[in-house]
Structure formats: structure tokens, C-alpha cells
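Student: Structure below; questions to follow.
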DNA sequence: TTTGTTTGGTTTATAACATAAACTTGTTTA
DNA sequence: TAAACAAGTTTATGTTATAAACCAAACAAA
């Protein structure tokens with residue numbers, strides 16, 4: 001009745017990150033930071049977890065002379081995200097009066 | 001862009017409980033336990049938190065000679081639940097290919 | 001009637017989690 | 001050069017979710 005929700009995605013910040021990455025080809029660290037309003041520390045930790053699960057890839061490069069961390073969603077990540085959204089429906093009944 | 005999600009509702013079990021209670025007049029402990037598949041201990045703790053927030057009321061009575069704990073959603077709880085569902089939409093983009 | 005079993009929970013302990021604060025490394029600016 | 005800034009990472013801490021252990025009352029059986 002209530003399917004298990006992927007605990008890796010059932011987290012406000014990680015979900016926001018995945019939501020962004022699901023809609024773009026890539027996004028860099030600072031973009032994710034400003035869009036989500038997260039602190040850099042928190043974002044760094046959560047990106048690491050998403051990377052460990054192979055839901056995203058993180059590529060460290062440079063933009064000019066400044067470091068630039070580019071994130072992309074993986075096929076596995078996209079699938080997990082869509083599965084999560086489906087599962088979540090069961091928890092959201094059609095609106096009450 | 002990503003509204004803050006009520007942390008009290010952004011929890012798998014509490015959300016399931018609220019989802020059930022939003023659709024019925026009342027539900028007792030054992031019903032919630034079987035429907036959610038939760039352990040009694042976990043359910044007890046989470047009901048306590050929802051009660052502390054005045055999202056539900058818990059009434060301890062008897063059914064026959066056995067104790068029976070009846071739960072109901074409060075108006076505040078229903079409002080919070082609906083607000084949460086609205087906020088969640090921002091995290092769920094229209095499905096990806 | 002006392003022994004065990006089930007029901008309906010609560011309390012407690014633990015591991016995972018989210019988050020902010022502090023730190024690091026390098027770059028730009030005064 | 002020194003100070004400020006950018007882009008992150010690491011560390012520390014409080015909060016959470018959860019299961020395990022526990023408790024009390026009712027029922028069943030011997």
C-alpha cells in the first residue's frame with residue numbers, strides 16, 4: 001500500500017538536487033548551491049552521497065582559473081528519481097476539502 | 001524555488017499516517033500499524049511527534065476490554081498536510097524521458 | 001490457579017542523517 | 001604583500017528514524 005521510499009532521495013536537499021539535474025544536461029556546484037539555497041558544506045556532503053550511489057557523476061575541472069565542479073545525473077539516477085516520484089504518489093491522496 | 005518542506009511531514013512513516021488520517025474520520029493504532037507495516041515502537045514514537053505538533057489527536061479508550069488508541073487528524077494537521085503536498089510539487093518536475 | 005501466549009502498546013538504545021561551523025587551497029584585488 | 005574572496009571539503013553536533021527490549025492486561029490452557 002505504501003511503497004518504500006528510496007531513503008537516498010527522500011531528503012530535502014538531495015531531492016532538490018536530483019530535481020534540478022533531471023532537467024538539465026549538467027549543473028555546477030555553485031549553481032546547485034544558489035538554486036537550492038543550501039550551504040556549501042551540506043551540498044558537498046549530499047553530492048558525495050549521490051555520487052556514491054551512482055545517481056550522479058561529479059567532474060572537477062576549472063572554469064578559467066577557478067575550480068569548477070560539474071554534476072550530471074546518471075541513467076541509474078534518473079531511473080531512481082522517476083521510481084521515487086511514482087512511489088510518492090501513493091502517499092499523496094487527492095486533495096482533501 | 002524549492003520551498004522548505006515541513007520536516008515533521010517529510011518522514012516516510014509520519015507521511016503515511018497523515019495520508020491515511022486525511023482520508024478517514026479516525027483510525028486506531030493497530031489499523032495504522034497494519035496499513036503502514038510499521039513496528040509498534042516506531043509508530044508509537046511518530047504518533048507522539050504528530051500529537052506534540054497538534055497535527056493529530058490520540059484518544060486512549062477500550063474496545064471491549066482491550067485498550068484501543070484512536071487517532072484523528074486535526075484541522076491544523078490537515079492544513080499542514082495540504083501545504084506539504086503543495087510544496088512537494090516544486091520538487092517533482094513533470095516526468096523525464 | 002498458575003503458566004504461558006497474545007494483544008496493545010511504551011521506553012530505550014543505536015545508528016544514520018542533516019546541518020552548520022571551521023578549515024583549506026587557491027585567486028583576485030587593494 | 002596583505003586582505004578579502006571563491007570554491008569547496010572536513011569535522012563536529014544535534015536530530016531522526018528505527019528496532020529491540022520491555023511492560024501490563026487479557027485470554028487460553030492445564
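The values are calculated or read from the model by the stated rules, or taken from the named source; none is laboratory data. From a predicted model like this one, the values you see are computed outputs, not experimental measurements. Using ideal geometry, Cβ is built from the backbone for each residue, glycine included, and neighbour counts are taken over all protein chains shown.
Residues are listed down the side, and each one gets a yes or a no for (1) within 16 Å of DNA strand D (Cβ to nearest atom); (2) in contact with a strand residue (DSSP E or B) (Cβ under 8 Å, 6 or more places away or on another chain):
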position: B:61; (1), (2): yes, yes
position: B:70; (1), (2): no, yes
position: B:78; (1), (2): no, no
position: B:92; (1), (2): no, no
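Student: Could you figure out which of (1) closer than 30 Å to residue A:31 by Cβ; (2) more than 9 Å from DNA strand D (Cβ to nearest atom); (3) surrounded by fewer than 16 Cβ atoms within 10 Å (Cβ to Cβ) isn't true of residue B:2?
Tutor: Exception for residue B:2: condition (3).
Student: Being under 28 Å from residue B:83 (Cα atoms) and in contact with a helix residue (DSSP H, G or I) (Cβ under 8 Å, 6 or more places away or on another chain) is the requirement here; does residue A:33 meet it?
Tutor: yes
Student: Still on this structure, I have one more. Looking at region A:66-90 only, could you name the residues that are away from DNA strand C (no atom under 15 Å from the Cβ), surrounded by 15 or more Cβ atoms within 10 Å (Cβ to Cβ) and either part of a strand (DSSP E or B) or away from every other protein chain (no Cβ under 14 Å) (or both)?
Tutor: Across region A:66-90, the qualifying residues are A:70, A:71, A:73.
Student: All but one of (1) touching a helix residue (DSSP H, G or I) at 6+ places or on another chain (Cβ under 8 Å); (2) in a loop (DSSP other than H, G, I, E, B); (3) modelled with pLDDT of 95 or more hold for residue B:96, so report the exception by its number.
Tutor: Checking residue B:96 against (1) touching a helix residue (DSSP H, G or I) at 6+ places or on another chain (Cβ under 8 Å); (2) in a loop (DSSP other than H, G, I, E, B); (3) modelled with pLDDT of 95 or more, the one that fails is (3).
Student: Pick out the one residue from A:37, A:41, A:23 that is modelled with pLDDT under 95 and more than 13 Å from DNA strand C (Cβ to nearest atom).
Tutor: A:23
Student: Determine whether region A:43-56 contains at least one residue that is more than 30 Å from residue B:37 (Cβ to Cβ), in contact with a strand residue (DSSP E or B) (Cβ under 7 Å, 6 or more places away or on another chain) and near DNA strand D (Cβ under 9 Å from one of its atoms).
Tutor: Yes, the conditions are met somewhere in region A:43-56.
Student: Are any of the residues in region A:26-33 closer than 22 Å to residue B:10 by Cβ and touching a strand residue (DSSP E or B) at 6+ places or on another chain (Cβ under 9 Å)?
Tutor: Checking region A:26-33: at least one residue is closer than 22 Å to residue B:10 by Cβ and touching a strand residue (DSSP E or B) at 6+ places or on another chain (Cβ under 9 Å).
Student: Report, by residue number, each residue of region B:28-43 that is surrounded by 14 or more Cβ atoms within 10 Å (Cβ to Cβ) and farther than 11 Å from residue B:17 by Cβ.
Tutor: Matches in region B:28-43: B:28, B:30.
Student: Please return the ranges of helices (runs of 4 or more DSSP H) entirely within region B:1-65 where 3 or more residues are facing another protein chain (nearest Cβ under 10 Å) and under 22 Å from residue A:88 (Cβ atoms).
Tutor: In region B:1-65, B:12-21, B:29-36 are the helices (runs of 4 or more DSSP H) which contain 3 or more residues that are facing another protein chain (nearest Cβ under 10 Å) and under 22 Å from residue A:88 (Cβ atoms).
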